[in-house]
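*Asks:* One structure follows; several queries about it will come next.
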Amino acid sequence: MNAGMRLRILGAGLALSTLALGVQTAPVAAQQGGIEGTVTDQATGQVLEAARVLITGTNRIETTNRDGKYHFREIAEGSYQIRVLRLGFKPVTDTANVAPGESVTLDFAMEPAPVQLDEIVSTVTGEQRKLELGNAVSTIDAATITQEAPITEFGNLLSGRAAGVTVQKAGGTTGSGTRIRIRGSNSVSLSNEPLYYIDGIRMEAGQTSSSLDIGGFGQGLGAAPSRINDINPEDIESIEIVKGPAAATLYGIQASNGVVRITTKRGRAGRPRWNLYSEVGGVHDANTYPLQYNGRDSTQATGIDEGWDGFCIVQFDLDGTCTQTSVSKFSPLNDSRTTPLKTGLRQQYGANVSGGNDLLTYFLSGDYENEDGVFRLPALEEDSVRSVDGTVPDNQLRPNTLTRLNLRANVGANVSANADIQASIGYISSDARFVENDNSFNTITGSGEASGNPEDVNRGWYFIPAELFNELATQGTERFIGGITGNWRPESWLSTRATLGYDVTNRNDVQFFPTGKSADYLEQRLGIKHDNRFQTTQTSVDLAATARFKLSPDWGSKTSVGGQFFRDLTTGNLAAGFILPAGSETISGAGRTEASDTALESRSLGSYIEQEMALKERLFVTGALRFDDNSA
């Protein structure tokens, strides 16, 4: 099917949805009533906030406020089954009979339960009960986890908390990325990362978001940062993981590796509620590294190298060049005088406030995070990097650091009884400095473990830490993620949703080897500087309409149609200078310069239709059809 035909199908489907939305009957509205009440804990009598109250067989769902109250407005005359769901409690169901113009009060007392399967989850077709879904979904209560455990980054929220989901750190250094796999890897050449949505907005989550040559190879390997860790865990309410290729029906072919849906915290009606938090702790490397064994000759010089007097390997002993009389053992990584592996410092401070009323709710938050990794220049080498004024630059003492600022504002408005708007805005600013790791030649562990030098030769190092720490590898990031979602429910059986999202990341990668000071490897000793600047923008549009009908007392039907548009654009300017003048920190004046630019754009358009049949709210059969087109 060609792109033009798909566009026409998508347009026709959305046009039909729009026509359906316009059908309203004023005479009925005049006779409409309401359903309201309070939800409490049966054991304690305390009100329950954030319980989900739904009218079965319709798309109407409300959330209890801080006083445990809910309110359905503009309910037509009739008998309705009301169901209440909340994590940690057994579902409760009751019936409300609404007379013309009457408001019915229906209170619920919920019984605690350790396990609950009948819960509400969010999908591209809207909120629905988990048991209705045709694919596996794991739900993680992030808001509770962050209160009970120290969570330093997004990957910590997922690790060990969802079956079939594997979370791996790409490196052990501060600021390194995270790899997430849902039900394993599916390709050896393509990305195995799932799709990420935050508040319904498609977000950029590159696992190797860096052009720095700091080690690693292949997909997601190495010390490079990943953009998923930009999100502040303290701002997350819940995470839903859609597993398996069945997710591609609703989210597109790129979702064949699964989908991770992030929902940030929202305000609820009530007085302002403040939350202040702080975290201070250490970062420590608990490893013990292998010792280096060296044969020694205390009777004569080896005669091989003036600097290696007394060094006698087995082959030299067999050749008769020296006589091995003893064996020395040493590791510069384990010795407190020479090791750069010290205790780092991590600190985080944040605050958020939420509140509002029945018409407008808000959630505002700010978070500052700073982490100094485990690397610190040994005291024996401080003189080698000391400035003219006698001070040691901080970036030489602590070569692996991360500083991040997170700001978020979520606002919700009930435009009318059957329409609401949700706005979500996030801003992230971060600066990180990295050391080389993994398969790089210029690593601390490689220089210490593989040098083969005894203690009295270069203090056991191949490259001393001062030479390695002279390298500057930094990344500065400014990121904005914003979106707006509108929900309209013109009839009890019909709901529509439109989401517009925008995610833009500006990134500056700098790698600098000062002339005559860095490790003497390839051209580095002559001075090199790379200055690469990138911008990645992602624009997403998501439209959907869902209709529910009660065909008979036993049979129910749900029909969903929708479409999605996604645009991904990355542009970059790369500049490099080689053979820098001594003392120079700029590309200008380099003996050789290189410059290039890059641009990569992709667009995708998809539409779907999904039909679900339900028998007695116990058996659900779902079928779906999707059309996709991509600029590639």
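The values are calculated or read from the model by the stated rules, or taken from the named source; none is laboratory data. Note that the structure is predicted; figures quoted are calculated from it, not measured. As a convention, Cβ positions derive from the backbone with ideal geometry for all residues, glycine included, and neighbour counts pool all protein chains shown. To get the accessible areas, we keep the full protein, side chains included, count just its heavy atoms, and leave off ligands, DNA and RNA. Shrake-Rupley method; radii C 1.70, N 1.55, O 1.52, S 1.80 Å.
*Asks:* Do you know the Lys pair count in the chain for C-alpha distances under 16 Å, with sequence separation 8 or more or different chains?
*Replies:* Lysine pairs meeting both conditions in the chain amount to 8.
*Asks:* Report, to two decimal places, the Cα Rg of the chain normalised by 2.2 N^0.38 Å (N = number of residues).
*Replies:* Here the Cα radius of gyration is 1.19 times the empirical estimate.
*Asks:* Short version: ³J(HN,Hα) in whole Hz for each residue of the range 540-557, in order, from phi by Karplus 6.51 cos²θ - 1.76 cosθ + 1.60 (θ = phi - 60°), x for Gly and Pro, what are they?
*Replies:* Whole-Hz 3J(HN,Hα) from phi for the range 540-557: 9, 10, 9, 10, 8, 9, 10, 10, 10, 9, 9, 6, 7, x, 9, 10, x, 10.
*Asks:* So if I place +1 on the C-beta of Lys and Arg and -1 on the C-beta of Asp and Glu, and nothing else carries charge, what would the dipole magnitude of the range 438-582 be about its Cα centre? I want it in debye, nearest 20.
*Replies:* Roughly 960 debye, rounded to the nearest 20.
*Asks:* Divide the volume of the convex hull of the Cα atoms of the range 37-170 by its number of residues and quote the answer in cubic angstrom per residue.
*Replies:* Hull volume over Cα atoms, normalised by residue count, gives 137 Å³.
*Asks:* OK, next. Cβ neighbours within 10 Å, averaged per peptide: list 271-281, 539-549 in order, most packed at the top.
*Replies:* 539-549, 271-281
*Asks:* Where Rh denotes the Kirkwood radius from the mean inverse Cα pair distance, what is Rg over Rh for the range 584-632?
*Replies:* Here the Rg-to-Rh quotient is 1.59.
*Asks:* Between Ala224 and residues 5 or more places away or on another chain, which pairs have amide H atoms under 5 Å apart, with H built 1.01 Å from N, and which residues are they?
*Replies:* Gly177
*Asks:* Which of Ile182, Leu600, Leu48 sits farthest toward the positive end of the charge dipole of the chain, with +1 on the Cβ of Lys and Arg and -1 on the Cβ of Asp and Glu?
*Replies:* So the residue furthest toward the plus end is Leu48.
*Asks:* Output the relative contact order of the chain, whole-number percent, from Cα pairs under 8 angstrom with separation of 6+ residues.
*Replies:* This gives 11 percent for the chain.
*Asks:* Using amide H atoms built 1.01 Å from N in the peptide plane, name the residues 5+ places from Asn439, or on other chains, whose amide H lies under 5 Å from its own.
*Replies:* For Asn439, whose amide H was placed from the backbone, the distant partners under 5 Å are Gly216.
*Asks:* Restricting to Cα atoms and excluding each atom paired with itself, what does the Kirkwood estimate give for the range 256-383 in Å?
*Replies:* Its Kirkwood hydrodynamic radius stands at 21.0 Å.
*Asks:* Farthest toward the dipole's positive end in the range 112-183, which of Gly171, Gln147, Gly126, given Cβ charges of +1 (Lys, Arg) and -1 (Asp, Glu) about the Cα centre?
*Replies:* Of the options given, the answer is Gly171.
*Asks:* Where nothing but the Cβ of Lys and Arg (+1) and of Asp and Glu (-1) is charged, how large is the charge dipole of the chain around its Cα centre, in debye to the nearest 20?
*Replies:* Computed about the Cα centre, the dipole is about 2220 debye.
*Asks:* Heavy-atom accessible area per residue, the range 517-632, 1.4 Å probe: how many Å²?
*Replies:* 54
*Asks:* Measure off, as a whole percent, the carbon and sulfur share of the 1.4 Å-probe accessible area of the chain, all protein chains present.
*Replies:* Carbon and sulfur together cover 54 percent of it.
*Asks:* Continuing with this model, one more query. Just how large is the dipole of the range 361-461 about the Cα centre, in debye to the nearest 20, putting +1 at every Lys and Arg Cβ and -1 at every Asp and Glu Cβ?
*Replies:* I would put it at about 420 debye.
*Asks:* Something else about it: Please name whichever of Ala286, Leu551, Ser430 sits farthest to the positive end of the charge dipole of the chain, dipole taken about the Cα centre and charges placed at Cβ: Lys and Arg +1, Asp and Glu -1.
*Replies:* Leu551
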